[in-house]
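Data first, discussion second: the structure below is written as structure tokens.
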Amino acid sequence: MNKSPINYLLTAVIGAVLWAVMAIFLASYFSENPSLAAKYPEDLATELRFVFGLGTLLSVGFACYWYYYGSQDRVAGELSAAKTKWRSFFFVQILIAVVLTFVIVIQNRKEGIEPEWFITYFGVLCLLTFILFWVTTFLFSPRTVKFIPFGK
């Protein structure tokens with residue numbers, strides 16, 4: 001499963017399935033249960049779909065770049081640089097989850113949404129960004145760099 005293009009395809013499929021579950025099937029739950037002052041739940045659902053999709057797309061993009069980078073021959077001699085690159089990608093994914101959560105908070109600060117909903121949105125963004133990145137690179141990294149993701 002760590003051969004090209006299988007790893008790219010499986011990463012895209014996993015990302016698409018997670019996004020579909022969170023943004024399509026659970027969008028009504030995430031948008032109709034918080035109390036909203038003036039915004040319609042459909043508008044909040046649209047915003048959440050966009051933000052969740054952006055996070056997922058960035059995570060899949062970083063993972064695919066990792067597969068490309070890890071499959072190059074020169075990386076075998078530079079494993080410490082590869083480890084630094086993977087860790088920087090991972091921490092960038094965490095930063096992306098935080099920034100996208102702040103985007104949701106800023107867009108809806110006057111709506112009176114309870115704080116636990118913002119925590120829920122952050123949890124979903126964690127799943128769609130750095131957890132997705134970690135799981136896919138843990139499972140599908142090229143042989144040269146397969147022991148670099150955390151946990152191996």
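The values are calculated or read from the model by the stated rules, or taken from the named source; none is laboratory data. What you see is a predicted model; the values in this text were computed from it and never measured. Cβ atoms come from the backbone with ideal geometry, glycine included; neighbour counts cover every protein chain shown. Accessible surface is based on the protein model in full, side chains and every heavy atom, while ligands, DNA and RNA are left aside. Shrake-Rupley method; radii C 1.70, N 1.55, O 1.52, S 1.80 Å.
Of Arg87, Arg74, Arg109, which residue is outside any helix (DSSP H, G or I) and open to solvent by 80 Å² or more (accessible area, probe 1.4 Å)? Selected residue: Arg109, the only one of Arg87, Arg74, Arg109 that is outside any helix (DSSP H, G or I) and open to solvent by 80 Å² or more (accessible area, probe 1.4 Å). Within region 31-50, the set of residues being touching a residue at least 40 places away in the same chain (Cβ under 8 Å), open to solvent by 10 Å² or more (accessible area, probe 1.4 Å) and not basic (Lys, Arg) comprises Asn33, Ser35, Leu36, Ala37, Ala38, Glu47. Here Phe138 clears all of (1) open to solvent by 40 Å² or more (accessible area, probe 1.4 Å); (2) touching a residue at least 24 places away in the same chain (Cβ under 8 Å); (3) more than 11 Å from the chain's Cα centre (by Cα); (4) closer than 20 Å to Pro5 by Cα except the condition numbered (2). Selection over region 75-113 of residues that are at pLDDT 95 or above and basic (Lys, Arg) gives a count of 3.
Screening the candidates Ile131, Ile119 for the property of being part of a helix (DSSP H, G or I), under 19 Å from the mean Cα position of the chain (by Cα) and exposed (fewer than 15 other Cβ atoms within 10 Å of the Cβ) yields one hit, Ile119. With respect to the conditions (1) under 11 Å from the mean Cα position of the chain (by Cα); (2) open to solvent by less than 20 Å² (accessible area, probe 1.4 Å), Gly61 falls short on a single one, namely (2).
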